[in-house]
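A.B. asks: This is the structure, below, for whatever I ask next.
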Amino acid sequence: MKILVTGAGGMLGSALVASGAVGYPRRFLDVTKPAVAAAVLAEERPDALLFCAAQARVDACDERSEAVNVLAPAWFAQRVPTWLVSTNYVFDGPGPHRPQDARTPCNPYGEQKARAEDAVLAAGGHVVRTGWLFARGGRNFPSSLPARLSRGPVQALEGWPVQPTWAPDLADLLLTLPTGVTHAIGSAETTWADFARHLAGLMGLSTQRVQGVQRLQGLGPRPSDARLTPATLPPWQARIQELLP
Ligand SMILES: NC(=O)c1ccc[n+]([C@@H]2O[C@H](COP(=O)([O-])OP(=O)(O)OC[C@H]3O[C@@H](n4cnc5c(N)ncnc54)[C@H](OP(=O)(O)O)[C@@H]3O)[C@@H](O)[C@H]2O)c1
């Protein structure tokens, strides 16, 4: 079975390629260009498509990101069996949220992903919701912590429950092509402040380097509680040491 991955240069896409999927990074497949996409599908003839391309920087989402976040997954789902990687940010609070619960996105990113879910499901595709991914080389907050902690103090959110999820664990689950709407997230809860303190300890640094804060300057609206259930992927404590250099 041939499984094709869009957005293969990203954090999750790279993990999928490492696990055996055929990956197309953005420079070879811009998912917003139908002529390019049609040529790739004609050449590869995939049995399944894992749609990982996205504007995944939450606060960068606006009408310009609709092309990649909404229109492109809909286009692919009409042409090939498609699995959309979606987000816990389609929910607000209180959690934990079940797959069948009503979605109430509180920012453009969550709203766009919710519309993409509808389009993909309507075309006969499937949705896997996840959240708070981390991986070596990832550009997001948890993945960049080792470098930031080694440079000096780091501010991290206190009091906001997260379920950190090791991207390669999600990749392995995605390659089983679960049908319908699936929640796939790490089984242990923490806060970013405690996650960062744990990592500082593993790095031999003082946990005082982590300044727990209730709010971060410049951070746009976030769900008050975006926890998902069921939460079956390995707990972050079993994977966090993989971030170490
Ligand atoms: N990271 C998380 O915590 C998280 C949580 C829940 C859900 N997700 C979802 O998981 C999926 C993968 O996210 P990720 O964390 O791996 O994000 P990522 O590292 O930012 O990867 C996304 C990739 O999509 C690419 N891309 C953007 N526009 C594209 C286009 N027009 N055509 C083709 N590729 C394009 C990006 O390329 P450039 O870098 O060149 O822009 C990037 O390589 C996304 O659907 C995201 O919404 C992620």
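A.B. asks: Filter segment 117-129 down to the residues that are without any contact (Cβ under 8 Å) to a residue 60 or more places away in the chain and surrounded by 16 or more Cβ atoms within 10 Å (Cβ to Cβ), then identify the one that is nearest to the chain's Cα centre (by Cα).
C.D. replies: Here the answer is VAL128.
A.B. asks: Sticking with this structure for a sec: It is to be established whether one or more residues within segment 29-49 are among the β-branched types (Val, Ile, Thr) and closer than 25 Å to ASP169 by Cβ.
C.D. replies: yes
Residues checked against (1) farther than 26 Å from TYR89 by Cα; (2) within 13 Å of the ligand (Cβ to nearest atom):
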| position | (1), (2) |
| --- | --- |
| ALA8 | no, yes |
| GLY13 | no, yes |
| ARG26 | no, yes |
| VAL31 | no, yes |
| PRO34 | yes, yes |
| ALA37 | yes, yes |
| LEU41 | yes, no |
| ALA67 | no, yes |
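A.B. asks: Hey, another quick one. From the list TRP83, TRP132, which one is over 14 Å from ARG227 (Cβ atoms), touching a Gly at 6+ places or on another chain (Cβ under 8 Å), within 14 Å of the ligand (Cβ to nearest atom) and aromatic (Phe, Trp, Tyr)?
C.D. replies: Among TRP83, TRP132, only TRP83 is over 14 Å from ARG227 (Cβ atoms), touching a Gly at 6+ places or on another chain (Cβ under 8 Å), within 14 Å of the ligand (Cβ to nearest atom) and aromatic (Phe, Trp, Tyr).
A.B. asks: For the condition surrounded by fewer than 22 Cβ atoms within 10 Å (Cβ to Cβ) and touching a Gly at 6+ places or on another chain (Cβ under 8 Å), what is the one hit in PRO146, PRO161, PRO153?
C.D. replies: None of the others qualify; the one that does is PRO161.
A.B. asks: To continue, here is another question. Mind counting the residues in segment 69-83 that are among the aliphatic types (A, V, I, L, M), out of contact with any Leu (no Cβ under 6 Å at 6 or more places or on another chain) and surrounded by fewer than 23 Cβ atoms within 10 Å (Cβ to Cβ)?
C.D. replies: Total meeting the criteria: 3.
Taken together, the values in this text are just the output of simple stated rules run on the coordinates, not laboratory data. Values in this document were obtained by computation on a predicted structure and should not be read as measured data. When we count neighbours, we look across all protein chains shown, and the Cβ atoms used for this are built from the backbone with ideal geometry, even at glycine.
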